[in-house]
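A.B. asks: Submitted below is the structure of interest, expressed as structure tokens.
Taken together, the values in this text are just the output of simple stated rules run on the coordinates, not laboratory data. For clarity, every value in this text was computed on a predicted model and none was experimentally measured. Please note: Cβ atoms are built from the backbone with ideal geometry, for glycine as well, and neighbour counts cover all protein chains shown.
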Amino acid sequence: MWLKFEARTEPSLLMRYLSPVLAVFLMLICGLVLFSVLGKNPMEGFKVFFLNPVKDTYGMAELLLKATPLMLCAVGLSVGFRANIWNIGAEGQLLIGALAGGWVALHFEHSTSPLLLPAMILAGALGGMLWAAIPAFLRTRFNANEILTSLMLVYIAQLVVSWLVHGPWKDPDGFNFPQTKQFQVHAMLPLLKAGTRLNAAFLVGIGGLVVGWVFMNRSFLGYQMKVAGQAENASRYAGFSAKRTVWFGMLAGGCMAGIAGLAEVAGPIGQLTEHISPGYGFAAMIVAFLGRLNPIGIFFSSLLMALLYLGGEQAQQYLNLPSSISNVFQGMLLFFLLGSDVFVYFRPRFARRNK
Amino acid sequence: MDQSLFTSILFATVVAGTPLIITALGELVTEKSGVLNLGPEGMMSVGAVAAFAVTHHTGNPWLGILAGMVAGMLMSLLFAFMALTLMANQVASGLALSIFGVGLSAFIGKSYESVALPSIVPMRIPLLADIPYIGPALFQQQALVYFSWILIGLVAWFLYKSKVGLILRAVGESPVSAHEIGHPVILIRYLATLFGGAMAGVGGAFLSVFYTPMWVEGMVAGRGWISLALVVFATWRPMRVMIGAYLFGGAMITQMFVQGSGLKLSIPAQFLSSLPYVATIVVLVLISRNLKTIRLNSPASLGQPFLPDA
Amino acid sequence: MNTRKSVATILGGAVLLAATSLLAQAPVKVGFVYVSPIGDAGWTYQHDLGRKQMEAALSGKVTTQFVENVPEGADAERVIREMAQSGCKVVFTTSFGYMNPTLKVAPTYPNTVFMHATGYKTAVNVGQYNARFYEGRYLNGVIAGKMTKSNIAGYVAAFPIPEVLQGINAFTQGMKSVNPKAEVRVIWVNSWFDPGKEREAALTLISQGADMVTHHTDSTAVVQAAEEKGVYSFSYHSDMSKYGPKTQLSGTTHIWGEFYIKTIKDVMAGTWKPTSIWGGIKDGMIKIAPMNAAVPKDVKALVTKLEGEIRSGKRHPFVGPVVDQDGKTRVPAGQVMKDEELTKMDYYVQGVDSKLPKS
């Protein structure tokens, strides 16, 4: 017997929506097995990992807070991913966005203008786009592979952040510790609910999802980019500009990642430090794929990913499991999703092996 | 420059370049068959922890390397199953492999964190090691360093002189025609991917068993990604992989020597640390701008799935 | 009416009294937030030793919990809050980056005591603690100065913040106090924890003539590299002689246990105050690691004598004249450096043969 796959004449719509559900289901099963292998009661593990983090309002708010940068980055990335533009440097774009927005906050440290926050968000977006423009330029002008250049730029961005907070931007009254002054109240995103840390960035994130959805489904450029991703030759034949696709795909990712970075420093962190992002830019790639490169899907997948992070912390504190268990769950989830996806385009068939 | 300084820089450069060479050569073979596996970072991580654990328990570094190799292969098998059998997107599967591998290695490696291994005595090659300047730097190294040199020759011979290598390249160029002539495309791609995984595992093993020698979470520190960059840098030529790896290693080592030399340079350390990454981008640009070399050497079907019956 | 009310008061008082005595008997929950995995040596390992020592000393009266590897970004606040929320009476947050998150959580939990390590801000229920690591460094420097043949010591360091500069400068002061020809070379690896880089830096320094190496980074890589090359080393954070049995001459170790015990006792007794504590050899927060057999008797005797002098306050590692690299006198002869000058240190003293990275 040999497992074979036959191409479906048309992608299965049912499977397209069912496969993420299947992936989550498989991940849960594996999770329960993993908990018992580690000598923990699987039900207890499930409760601590998946239910505890959201047991109260504060927990729910934390979940949304954690999901915000993920959904922002993911929706931007998916614009490029749809057109086969592989920007894997969102982490660096996020950092530069945080720096640019943070610079505005620090430069106008006495401003009470209501325009301060919008200016910071704009600066964040521009910073992210600037960092994404480098691989876009190198790709369109010199044909350099954007996967590698955007990744190298992540390391460089981390060093730029490190240099600035250790050097020129260091808080003069901070005993030489590597951090800037704390942002003043007018440079902080307003809280959505008192007593929690959930701030207006969440609304910006939702706005990003809406804009992303309209762009992908209702605009001509969005359509062109989708075609470019699915059938390169057809797209060239139709006269769509490949360069514009690259530029737009990269810049969309950089813009959103930059805003995500700004939202972190003007939200829960409140200053520039060396520890702005625990890898949101990389995790957002999983979020984007898990959400089918579709804004509605991304909304749910970012919540799920955020839950995995919070669950990891809980598992550490109450089950004594290493926090890297979060990454294991995330990796499994993506694998299962990619695996289940085969059923969207193909029909499995068991056949005798014929030579 | 006095002899000892030159020798030390060269020695350290070769050591730093070795895991990159081994991993990049594996990836090169994988890519030549038309498969783009973005997972070296994950495979190296898992290889490193497996090698460390086995060396720690058995006291035998060679068994450790073997374990690293097997672990890397298992990881790449996972990828191959996704990308080749289930025809999932190769970029996404590779990224998943990297993220999963880094997490998994941290997870299994928890109990080995900061356990130390005895360092392994280098293997001295008689006569050659007595050559002034370069002898002590090149021929008094760990066995895996020599292995990396042999591997370059082997891979070059395999790809360009052997029959199987020819088929492998044909599969990478045009899987459809290769299939029509009757070559087992999927099988060859599986084997090439497994070879890539095995070498990434050995590269990781070198890090944890010979280089540091210890295991800590995140110790691969981007070397898997740099190996990927090296393959493009080398325009898929084995010999150039070595040059690239040593350039990269050299950039990393030299900045330390500049700092430690007592030279009164007042450059931010972050600036020096960023040099290897900047250099990679610059070289990548220099090489990619010539479309002809890229087209000539890059496997035409890189990253595209192949369905045998289509 | 009146009697009834007083009965009620008495009863109520009795209930309250019973409740407090019950509370006093229930073990106090103490939480620790760690920045890295505990591992086998290093910063977090020493804090965890302290936690265990405290748990053993106050057995039955305390229970402890910890979360390791907590990133210093936005996540720290949630972890610290969760600790307080789950009923911890005392929370130790053991890395600089937790300072602002700790201060943000503290007002919500006025009945919890927060102790933050190595920062500079306090609040009603937030105290600070740190140790005078430089005192141990000075003594290590004396040994290095006595035993070096090449007169070059190598120093692998993470980031140029005051705490690290204090260590480099104190080591240099100690070395030069017994060996005017000595110089110290520094390599910054830009990371608290990167064994590969730390090792590379140590080997670089050794190949450039350093025959004494030490580090202000978190792994055992430098001591291991020195052992391999047969070069003497001084460990930091922990005693790493396990990794350098032949070559680790001594080291500067952090001892938090006594301090943790005292803090918990103060909290239990209700005498805890939100102060900044900066303890040294005198307070038992710093000890030098046992000296290797390779250290000659007279050097051992000298170091023991100097240690006693530091303990009694007779000697200060930064006694004037302290002259920086540019020739500027930082402390005039006959004076010692004040604490506020120490906490702002941003220069190398003379004898450091590298240049501070510009910022």
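A.B. asks: Only bridges whose two residues both fall in the protein assembly as shown count here: according to DSSP, what percent of them are antiparallel, nearest 5?
C.D. replies: Bridges in the protein assembly as shown that DSSP calls antiparallel: roughly 30 percent.
A.B. asks: Would you tally the net charge around residue C:292, using a Cβ to Cβ cut-off of less than 14 Å, leaving residue C:292 out, and scoring K and R as +1, D and E as -1?
C.D. replies: Every neighbour counted, the sum reads +3.
A.B. asks: Sticking with this one: Taking amide hydrogens as modeled 1.01 Å from N in the peptide plane, which residues meet the under 5 Å criterion relative to residue C:28, leaving out close sequence neighbours?
C.D. replies: C:62, C:63
A.B. asks: What shape does segment A:46-109 take by its C-alpha gyration tensor, where a ≥ b ≥ c are the square roots of the eigenvalues and a/c under 1.5 counts as rounded, a/b above b/c as prolate, and the rest as oblate?
C.D. replies: oblate
A.B. asks: Please list the non-local residues whose amide H lies under 5 Å from the amide H of residue A:8, H modeled 1.01 Å from N, same-chain partners needing a gap of 5 or more.
C.D. replies: Under 5 Å from the amide H of residue A:8 lie the amide H atoms of A:346, A:347, each far enough along the sequence or on another chain.
A.B. asks: Sticking with this structure for a sec: Cut-off is 10 Å between beta-carbons; in what order do A:34, A:148 appear when sorted fewest neighbours first?
C.D. replies: By the 10 Å Cβ count, ascending, the order reads A:34, A:148.
A.B. asks: Mind checking which of B:128, B:151, B:191 has the largest fluctuation in a GNM of chain B, springs on alpha carbons under 10 Å?
C.D. replies: In the Gaussian network model the winner is B:128.
A.B. asks: Within 10 Å of each residue's Cβ, count the other Cβ atoms and sort B:82, C:175 from fewest upward.
C.D. replies: Fewest-to-most Cβ neighbours within 10 Å comes out as B:82, C:175.
A.B. asks: Can I ask one more? Looking at this model, which pairs from C:121/C:287; C:197/C:229; C:149/C:229 are more than 20 angstrom apart at the alpha-carbon?
C.D. replies: Correct reply: C:121/C:287.
A.B. asks: So, in nm, how far is label residue A:107 from label residue B:6 when the simple model puts each one 7 Å beyond its Cα toward the Cβ?
C.D. replies: Modelled inter-label distance: 5.0 nm.
A.B. asks: If one takes the longest principal axis of the Cα atoms in chain C, at what angle in degrees, from 0 to 90 and to the nearest 10, does the Cα axis of helix C:75-85 lie?
C.D. replies: The two axes meet at around 40 degrees.
A.B. asks: Of the listed pairs B:110/C:104; C:146/C:305; B:110/C:52; A:66/A:243; A:55/A:181; A:55/C:29, which have alpha-carbon separations greater than 25 Å here?
C.D. replies: Flagged as over cut-off: B:110/C:104; A:66/A:243; A:55/A:181.
A.B. asks: Let me ask another. Can you give me the relative contact order of chain B as a percent, contacts being Cα pairs under 8 Å and 6 or more apart?
C.D. replies: The value is 37 percent.
A.B. asks: Which residue, C:201, C:123, C:74, has the most motion in a Gaussian network model of chain C that connects Cα atoms within less than 10 Å?
C.D. replies: C:74
A.B. asks: Could you identify which residue out of B:73, B:123, B:242 has the top mean-square fluctuation in a GNM of chain B using Cα springs shorter than 10 Å?
C.D. replies: B:123
A.B. asks: Counting only C-alpha contacts under 8 Å and six or more residues apart, can you give the relative contact order of chain C as a whole percent?
C.D. replies: Relative contact order of chain C: 17 percent.
A.B. asks: Need the list of lysines near residue B:163 for cross-linking: C-alpha distance under 18 angstrom, and skip anything on the same chain fewer than eight residues off.
C.D. replies: B:32
A.B. asks: From Cα pairs below 8 angstrom and at least 6 apart in sequence, can you work out the relative contact order of segment A:41-320, rounded to a whole percent?
C.D. replies: The normalised contact order for segment A:41-320 reaches 39 percent.
A.B. asks: Take each complete run of DSSP H in chain A, measure how far its Cα atoms stretch along the helix's own axis, and keep only those covering 20 Å or more with mean Kyte-Doolittle hydropathy at least -1.0; list them.
C.D. replies: Span-like helices in chain A: A:13-37, A:57-82, A:90-107, A:116-142, A:146-166, A:201-218, A:242-264, A:295-319, A:325-340.
A.B. asks: Among all helices in chain B defined by DSSP H, which have a length of 24 Å or more along the axis from Cα atoms plus a Kyte-Doolittle mean of at least 0.0?
C.D. replies: Helices passing the filter in chain B: B:3-32, B:40-58, B:61-80, B:90-109, B:143-161, B:185-205, B:238-260, B:269-288.
A.B. asks: Here is a follow-up. Counting only residues 5 or more places away or on other chains, whose amide H sits under 5 Å from the amide H of residue C:119 once H atoms are built in the peptide plane?
C.D. replies: Amide H to amide H, under 5 Å and 5 or more residues apart or across chains, residue C:119 pairs with C:129.
A.B. asks: Roughly what would the spin-label model give for residue C:341 and residue C:301, points 7 Å off Cα along C-beta, in nm?
C.D. replies: 3.4 nm
A.B. asks: Can you compute the charge dipole magnitude of chain C about its Cα centre, using +1 on each Lys and Arg Cβ and -1 on each Asp and Glu Cβ, nothing else charged? Give it in debye, rounded to the nearest 20.
C.D. replies: 960 debye
A.B. asks: Counting only the backbone N, which residues of segment A:282-321 are under 13 Å from the spot 7 Å out from the Cα of residue C:86 toward its beta-carbon?
C.D. replies: Under cut-off, by backbone N: A:311-321.
A.B. asks: Residue A:47: which aspartates and glutamates have alpha carbons under 16 Å from its alpha carbon, excluding same-chain residues fewer than 8 sequence positions away?
C.D. replies: In chain and number order, the partners are A:56, A:313.
A.B. asks: In what order do C:338, B:292 fall by count of nearby beta-carbon atoms within 10 Å, going from fewest to most?
C.D. replies: Neighbour counts put them in this order, fewest first: B:292, C:338.
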